[in-house]
1. Please go through (1) polar (S, T, N, Q); (2) open to solvent by 30 Å² or more (accessible area, probe 1.4 Å); (3) in a helix (DSSP H, G or I) for residue 125 and return the number of the only condition it doesn't satisfy.
2. Could you pull out the residue among 190, 183 that is buried (at least 23 other Cβ atoms within 10 Å of the Cβ), among the hydrophobic types (A, V, I, L, M, F, W, C) and closer than 24 Å to residue 4 by Cα?
3. Let me confirm something: among 117, 174, which residue is surrounded by fewer than 17 Cβ atoms within 10 Å (Cβ to Cβ) and within 24 Å of residue 86 (Cα to Cα)?
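The values are calculated or read from the model by the stated rules, or taken from the named source; none is laboratory data. As the structure is a computational prediction, the values presented were derived from the model and not from experiment. FYI the Cβ positions are ideal-geometry reconstructions off the backbone, even for glycines, and counts take in every protein chain you see. When the accessible area is computed, the model is the full protein with side chains, heavy atoms only, and any ligands, DNA or RNA have been set aside. Shrake-Rupley method; radii C 1.70, N 1.55, O 1.52, S 1.80 Å.
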Amino acid sequence: MNTRGLLDQLLKSGQDLLQNQGGKSPAGKSGGLGDLLGGKGGGGLGSLLSGAGGGALAAGAMGLLLGNKKARKYGGKALTYGGLAALGVIAYKAYGNWQAKQGTAVQGEPQTLDRLPPAQVEQHSQAILKALVAAAKSDGHVDDRERALIEGEFVKLSSDQELQHWLHAELNKPLDPADVARAASTPEMAAEMYIASVMLVDEEHFMERAYLDELARQLKLDPALKSELENQVKLAASQ
């Protein structure tokens, strides 16, 4: 499966969402994706999908995954690194800070996404996409209609039948943090999956915060590393 290409398009599409927003809310903050999907400012999902190139299509798919969450989570420095590589950079920084605070000796560089050969990037990508799909379901907004719409957008983005079948299965299975965590075969992969999940959820929403905490527990993340990963995402989004 070419999960890497699809995931990279989805992550980069946050920039398309911001660019198509066409303005900001009165408080100077980015408006919710409800505005994008409902037609305010950026012209709604139809405008995004009618744009040229895969970026607009990916923005539509990401918009559906995000539901009514705010596009600001995809702003700032997280995007300047460029799509998939951004996750690796954030994970690498978090690891470095965590190790420094723990006073632990660094035994080789963390093998994050930005430092891996293509075959391993593909493996990490599949685990991260699994985490993204699960995070999208954590607030309960993905019903049968939403699933059909999301699958439709994924079909437009990739003709890979195996990948489409895999995505169908992921979208339709019950939300289970333990199942998501089993996809992490390395500590770095676990960190990247958690970063992707933090980027997608609204931490102020009780159900989503509870999901994140349980996912971190299932991923066996050290509490200090968990906090550092969350801090790095916030820093990246605010710059």
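1. (2)
2. 190
3. 117
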